[in-house]
Amino acid sequence: MIIGKGNIASVINDREGALFFASGVSNSGCRNYKEFNRERDLLERQRKDLCLFYFGSISMYSVNSPYTTHKRKMEAYIRMAFKNYNIIRLGNLDWDTNPNTFLNFLRAKKAAGEAITIRDEYKFMISKEQLLLITDNLPLAGQNEINIFGDSKKVIDLL
């Protein structure tokens, strides 16, 4: 069962016995607690007898924000409520159409002819194929947590 309609939900393959929860807060700049509560309430209503696949963010290791605090709380709830789960922490999606993501923010500024300040840094980019390799092969039993960094790309090269 796939919950969600966004970029992740549109590419993953459904698996019998799995619950792919791809309906979370996807804007890392979100500060709206109604959105955080919406995700939590939706997750709490899901079947606990299925193996949950939850998509988090690797930014939780490097950023302290309302978004990463929310993601940590969601993961803690999952560990408590689900017998079988796969917590998958992702970098940036390279096929993403969400206007709130880093890559699309840069694309929009470039398309609008706006100035872009680019720091000398790298971003982790995940491809559809990398995501599918993981989601198609993780077990449906146990408590698993995995970080998918993807390919490290210099921000200037992403433009």
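In segment 24-36, of all residues being among the polar types (S, T, N, Q) and surrounded by fewer than 19 Cβ atoms within 10 Å (Cβ to Cβ), the one that is farthest from residue 96 (Cα to Cα) corresponds to 32. Restricting attention to segment 41-61, the residues that are within 16 Å of the chain's Cα centre (by Cα) and farther than 20 Å from residue 98 by Cβ total 2. Here is the figure for segment 99-156: residues that are closer than 17 Å to residue 13 by Cα, among the polar types (S, T, N, Q), free of Cβ contacts under 8 Å to residues at least 40 places away in the same chain and surrounded by 13 or more Cβ atoms within 10 Å (Cβ to Cβ) total 2. Of all residues in segment 13-34, one or more are assigned to a helix (DSSP H, G or I) and either out of contact with any Pro (no Cβ under 8 Å at 6 or more places or on another chain) or over 18 Å from residue 137 (Cα atoms) (or both).
The set of residues in segment 1-15 being under 17 Å from residue 129 (Cβ atoms) and surrounded by fewer than 13 Cβ atoms within 10 Å (Cβ to Cβ) consists of 13 alone.
Does at least one position in segment 132-147 carry a residue that is touching a Gly at 6+ places or on another chain (Cβ under 6 Å) and either of a type outside the set (Gly, Ala, Ser) or assigned to a strand (DSSP E or B) (or both)? So far as segment 132-147 goes, yes, one or more of its residues are touching a Gly at 6+ places or on another chain (Cβ under 6 Å) and either of a type outside the set (Gly, Ala, Ser) or assigned to a strand (DSSP E or B) (or both). Just to verify a result, which residue in segment 18-50, among those that are modelled with pLDDT under 90 and among the hydrophobic types (A, V, I, L, M, F, W, C), is farthest from residue 65 (Cα to Cα)? Across segment 18-50, the extreme among qualifying residues is 25. Scanning segment 17-69 for residues that are over 24 Å from residue 127 (Cα atoms) and either among the charged types (D, E, K, R) or free of Cβ contacts under 8 Å to residues at least 40 places away in the same chain (or both) yields a count of 22. Tally the residues that are loosely packed, with under 14 Cβ neighbours inside 10 Å and not polar (S, T, N, Q), restricting the search to segment 37-68. Within segment 37-68, residues that are loosely packed, with under 14 Cβ neighbours inside 10 Å and not polar (S, T, N, Q) number 8. Residue 21 meets all of the listed conditions (1) surrounded by fewer than 13 Cβ atoms within 10 Å (Cβ to Cβ); (2) under 11 Å from the mean Cα position of the chain (by Cα) but one, namely (1). Do you know which of the residues in segment 69-98 that are among the polar types (S, T, N, Q) and in contact with a Gly (Cβ under 9 Å, 6 or more places away or on another chain) is surrounded by the fewest Cβ atoms within 10 Å (Cβ to Cβ)? Once the filter is applied, the top-ranked residue is 97.
The values are calculated or read from the model by the stated rules, or taken from the named source; none is laboratory data. Please read these numbers as outputs of a predicted model, since none were measured by experiment. Using ideal geometry, Cβ is built from the backbone for each residue, glycine included, and neighbour counts are taken over all protein chains shown.
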